[in-house]
There are 2 protein chains.
Amino acid sequence: MRKPNIVILGAGYGGMMTTVKLQKSLGINEATITLVNKNNYHYQTTWLHENAAGTLHHDRTRIPIKEVVNTNKINFVRDTVVKVKTDEKKVKLQHGELTYDILVVALGFEAATFGIPGLIENAFTIGNINNARVIREHIEYNFAMYHNEQEKNQARLNIVVGGGGFTGVEFIGELANRIPELCKEYDIDKNLVRIINVESSPTVLPGFDPQLVEYAMNSLESRGVEFVTGAMLKECKPESIVYEKDGKQVEVPTLTTVWAAGVRANTVVEKSGFVTNRGKVEVQKDMRAPGYNDVFVLGDCALITNPESGHPYPPTAQIAIQESQTVAQNVKKLVQGTQELKHFEPKILGTVASLGHNDAIGVILNERKLFGFKATVMKKMIDNRYLLKLGGLSLLMRKGKFNIFY
Amino acid sequence: MRKPNIVILGAGYGGMMTTVKLQKSLGINEATITLVNKNNYHYQTTWLHENAAGTLHHDRTRIPIKEVVNTNKINFVRDTVVKVKTDEKKVKLQHGELTYDILVVALGFEAATFGIPGLIENAFTIGNINNARVIREHIEYNFAMYHNEQEKNQARLNIVVGGGGFTGVEFIGELANRIPELCKEYDIDKNLVRIINVESSPTVLPGFDPQLVEYAMNSLESRGVEFVTGAMLKECKPESIVYEKDGKQVEVPTLTTVWAAGVRANTVVEKSGFVTNRGKVEVQKDMRAPGYNDVFVLGDCALITNPESGHPYPPTAQIAIQESQTVAQNVKKLVQGTQELKHFEPKILGTVASLGHNDAIGVILNERKLFGFKATVMKKMIDNRYLLKLGGLSLLMRKGKFNIFY
């Protein structure tokens with residue numbers, strides 16, 4: 001029998017960890033492994049809000065794929081996936097086509113804008129390195145422009161963040177730390193700058209422990225953040241946003257709207273004909289797509305329901321990394337001819353949200369609440385632990401977060 | 001007799017040095033000295049091109065006025081001069097009015113756009129700290145945007161500099177050093193970036209020694225700069241510029257046009273009713289405005305003809321600083337009742353143009369040519385010498401340029 005072709009689509013948390021695990025566990029004569037990604041680097045999506053705020057350089061967040069993947073063992077194809085043709089066992093790329101025997105779909109997320117008018121045209125999203133660094137530059141450019149106009153334009157200093165979920169709140173935390181630096185750089189009175197968070201739920205971080213949410217809001221408000229909860233974003237115009245609260249519409253002048261309120265699975269999944277639920281593949285217990293014995297789906301493209309709550313597990317890095325363990329093991333089993341695959345069992349270790357580099361909140365093992373210094377340390381430990389798993393000590397030393405005491 | 005009021009308008013090279021010299025030479029009981037400036041800082045105009053290119057931070061270029069001026073001896077008024085009312089011996093400010101017995105007009109320059117359509121609306125000028133830092137941010141923002149658009153926009157990577165005089169060439173020299181860094185930061189192929197200099201004369205740096213001009217052009221061309229000489233800028237549009245060369249019009253797509261081709265004296269001089277020649281006051285030998293025994297004019301607002309060439313001396317920092325010596329001495333003479341004033345005698349020590357931080361060309365004492373390392377050292381020595389004169393050793397140590405060997 002010829003060597004099977006394993007093709008892994010996407011080098012995010014799920015795809016990258018699957019690749020690294022298969023690189024270790026499969027011999028070079030057992031299978032040909034090909035990783036496809038549109039950039040020649042991997043990045044930690046959960047760090048992008050820091051790059052966007054300008055508090056961490058994006059080169060700290062991204063990792064060249066060849067630094068983690070041994071290209072003597074793994075083929076790397078830099079291209080964009082257009083479609084999976086499951087009937088032909090092929091993947092159509094923008095500049096080519098690949099044949100697979102076993103496919104791993106880990107194509108991540110796209111921003112979901114729910115049809116809100118003007119959002120696609122006028123708002124930024126924090127989805128990748130390119131987005132993140134242009135947000136940083138856009139905010140800085142507007143601050144730089146402020147004193148170059150006869151009539152001062154307050155819209156240059158108003159920053160609106162749509163969505164008070166994880167990404168929105170973490171981004172605001174970094175912004176709140178960054179703004180005083182920008183004000184110093186461009187001779188702008190700090191009191192003129194507004195950071196406004198618009199969230200449709202009655203509270204930010206819905207679902208999080210109320211005591212921790214209050215801690216987070218106090219921490220951010222003390223740094224000048226304004227929260228508008230229970231408000232729906234109605235329109236994003238080039239120089240303002242409109243939201244509705246208590247039946248009244250409010251227009252806020254701004255040149256900077258960052259939409260952090262929704263993600264959906266990569267549309268390639270839907271386009272490829274997989275059966276989807278809210279755009280995601282409701283995977284079987286062994287992480288395979290229903291109806292296919294050679295296609296695994298994980299990360300933000302996969303949907304798994306938490307049997308206790310009846311709701312899907314949230315699309316987090318934690319889940320994607322845990323899934324990659326099962327996927328890598330099951331791919332190996334298939335290569336070695338074992339048909340009895342492992343079932344995925346998620347273990348939610350905890351959730352920590354940073355509020356700037358010096359504050360955070362979190363829940364560990366669903367019971368212990370953390371905030372302030374301890375939560376900050378925990379958050380950085382989680383980030384560092386991932387780097388260690390992905391690329392060992394040398395990657396950790398190069399990209400890790402060790403600024404715990406300042 | 002009551003203490004005379006000396007009012008100095010402008011804290012550029014001329015005004016600042018006049019103030020510092022009077023602070024030393026006049027006793028606190030001899031006169032009341034008031035310095036008026038629109039910012040609370042002085043800056044070295046000849047360093048702004050480095051701030052604009054992003055190779056030197058603008059805080060290195062500006063000096064808080066209170067660090068150089070002893071505010072126990074000198075009044076500082078932060079305001080913008082609207083008009084001098086010589087008949088009432090008053091200065092109208094945006095937020096007030098001052099009475100003078102002796103006036104020093106050192107209000108510097110404005111950009112001259114010669115009525116070229118679109119230049120005021122669509123081009124940047126390098127005239128002050130606000131302009132300079134927004135140029136830096138504008139270029140960086142366009143590089144950041146490049147990979148965020150489906151259709152790549154070459155206009156974001158084309159930078160057009162209008163004018164191949166001193167400022168234009170020095171700015172290009174810094175840009176040529178900065179671009180490779182920006183390309184690395186935003187994953188842009190260096191070969192895609194164009195730096196285009198459009199100059200109406202048959203050569204850049206007209207009037208400079210031809211051998212040195214050739215050296216300069218070779219140095220910059222080897223770093224990717226394109227020179228279009230003998231070409232007139234016809235129009236500056238929001239997304240392109242149009243120039244005419246050899247009777248043909250050429251349009252270059254660009255979002256970044258920097259106009260470095262012309263300055264004129266501050267229009268306040270003309271508005272105040274002084275007799276002007278090309279917008280400047282043709283001062284008498286004692287640096288007073290013709291018809292006034294109590295108004296001195298210096299720097300870019302003053303015109304002095306070089307008797308040898310028959311042309312005016314160029315508006316340089318060197319001349320302004322030398323003039324301030326004569327003005328300060330003559331102001332002191334007036335205060336002390338001496339009517340016989342000193343005549344100004346310019347001494348052109350030399351001219352050095354930088355071509356980035358590691359290359360330069362120059363002529364010393366009108367005879368010795370310098371280029372490369374020696375010219376670079378000379379340029380930095382000139383910059384440092386000024387700081388020493390202005391604020392002594394402590395200012396030199398804080399703001400000086402000592403990066404001679406890298």
Segment A:233-252, residues that are aliphatic (A, V, I, L, M) and either crowded, with 18+ Cβ neighbours inside 10 Å or within 23 Å of the chain's Cα centre (by Cα) (or both): A:L233, A:I241, A:V252
Does B:L107 satisfy being crowded, with 24+ Cβ neighbours inside 10 Å, within 30 Å of B:G164 (Cα to Cα), under 21 Å from the mean Cα position of the chain (by Cα) and not assigned by TED's automatic domain parsing to the domain that holds B:G291? no
Residue pairs within 9 Å by beta carbon, gap of at least six or interchain, first lying in segment A:337-352 and touching a residue at least 60 places away in the same chain (Cβ under 8 Å), second in a loop (DSSP other than H, G, I, E, B) and hydroxyl-bearing (S, T, Y), listed first then second, are A:T351/A:T316
Picked from segment A:274-290 (must be assigned to a loop (DSSP other than H, G, I, E, B) and at pLDDT below 95), the residue nearest to A:N128 (Cα to Cα) is A:G279
Answer yes or no: is there a residue in segment A:253-260 that is modelled with pLDDT of 95 or more, surrounded by fewer than 20 Cβ atoms within 10 Å (Cβ to Cβ), in the same structural domain as A:V228 (by TED's automatic domain parsing) and touching a helix residue (DSSP H, G or I) at 6+ places or on another chain (Cβ under 7 Å). yes
Checking B:T71 against (1) in contact with a strand residue (DSSP E or B) (Cβ under 6 Å, 6 or more places away or on another chain); (2) surrounded by fewer than 22 Cβ atoms within 10 Å (Cβ to Cβ); (3) assigned to a loop (DSSP other than H, G, I, E, B), which single condition isn't satisfied? (1)
Which of the residues spanning segment A:146-188 are assigned to a loop (DSSP other than H, G, I, E, B) and more than 14 Å from every other protein chain (Cβ to nearest Cβ)? A:E151, A:L157, A:G163, A:G164, A:G165
How many residues are in contact (Cβ under 8 Å) with a residue 40 or more places away in the chain and of a type in the set (D, E, K, R) if we restrict to segment A:392-405? 1
Would you confirm whether or not segment B:136-152 contains a residue that is of a type outside the set (D, E, K, R), closer than 23 Å to B:T46 by Cβ and in contact (Cβ under 8 Å) with a residue 24 or more places away in the chain? yes
Among the numbered conditions (1) touching a strand residue (DSSP E or B) at 6+ places or on another chain (Cβ under 9 Å); (2) within 22 Å of A:L233 (Cβ to Cβ), tell me where A:G115 comes up short. (1)
So which residues in segment B:119-140 are within 8 Å of chain A (Cβ to nearest Cβ) and among the acidic types (D, E), if there are any at all? B:E137, B:E140
Are there any pairs, at least 6 apart or on different chains, whose C-beta atoms fall under 7 Å, with the first in segment A:219-243 and assigned to a helix (DSSP H, G or I) and the second buried (at least 16 other Cβ atoms within 10 Å of the Cβ) and among the charged types (D, E, K, R), and if so, which? A:S219/A:D359
Taking segment B:31-77 only, how many residues are in contact with a Lys or Arg (Cβ under 6 Å, 6 or more places away or on another chain) and of a type in the set (S, T, Y)? 4
Positions within segment A:249-278 being without any contact (Cβ under 8 Å) to a residue 24 or more places away in the chain and within 20 Å of A:S200 (Cβ to Cβ), in sequence order: A:Q249, A:V250, A:E251
Subset of segment A:291-301 that is out of contact with any Ser or Thr (no Cβ under 7 Å at 6 or more places or on another chain) and not in a helix (DSSP H, G or I) - its residue that is farthest from A:N330 (Cα to Cα): A:G291
Can you confirm whether B:N218 is within 14 Å of another protein chain (Cβ to nearest Cβ) and either out of contact with any Phe, Trp or Tyr (no Cβ under 8 Å at 6 or more places or on another chain) or more than 25 Å from B:H58 (Cα to Cα) (or both)? no
Single match in A:T326, A:T338 (criterion: among the β-branched types (V, I, T) and not in a helix (DSSP H, G or I)): A:T338
Being of a type in the set (A, V, I, L, M), at pLDDT 90 or above and within 30 Å of B:E214 (Cβ to Cβ) is true for just one of B:A360, B:A302. Which residue is that? B:A360
Which numbered condition in (1) touching a helix residue (DSSP H, G or I) at 6+ places or on another chain (Cβ under 6 Å); (2) closer than 22 Å to A:A111 by Cα is the only one that A:G273 fails? (1)
Here is a check on your reading of the model: is B:N191 of a type outside the set (K, R), surrounded by fewer than 24 Cβ atoms within 10 Å (Cβ to Cβ) and either within 24 Å of the chain's Cα centre (by Cα) or within 14 Å of another protein chain (Cβ to nearest Cβ) (or both)? no
Condition broken by B:F109, with the remaining ones in (1) in contact with an Asp or Glu (Cβ under 6 Å, 6 or more places away or on another chain); (2) within 14 Å of another protein chain (Cβ to nearest Cβ) satisfied: (2)
Identify, from the list A:K369, A:K389, A:K332, the residue that is outside the structural domain of A:F296 (by TED's automatic domain parsing), outside any strand (DSSP E or B) and in contact (Cβ under 8 Å) with a residue 12 or more places away in the chain. A:K389
Looking at (1) modelled with pLDDT of 95 or more; (2) closer than 30 Å to A:E140 by Cα, which one does A:K21 not meet, given that it meets all the others? (2)
Here is a list: A:F114, A:F143. Which entry is away from chain B (no Cβ under 12 Å) and either out of contact with any His (no Cβ under 7 Å at 6 or more places or on another chain) or part of a helix (DSSP H, G or I) (or both)? A:F114
Could you list, in sequence order, all residues of segment B:31-51 that are in contact with a Ser or Thr (Cβ under 6 Å, 6 or more places away or on another chain), buried (at least 24 other Cβ atoms within 10 Å of the Cβ) and polar (S, T, N, Q)? B:N51
Answer with yes or no whether A:E308 is surrounded by fewer than 18 Cβ atoms within 10 Å (Cβ to Cβ), at pLDDT below 95 and not polar (S, T, N, Q). yes
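The values are calculated or read from the model by the stated rules, or taken from the named source; none is laboratory data. Because the structure is predicted, anything quoted here is derived from the model rather than measured. Cβ sites come from the backbone with ideal geometry, for glycine too, and all protein chains shown count toward neighbours.
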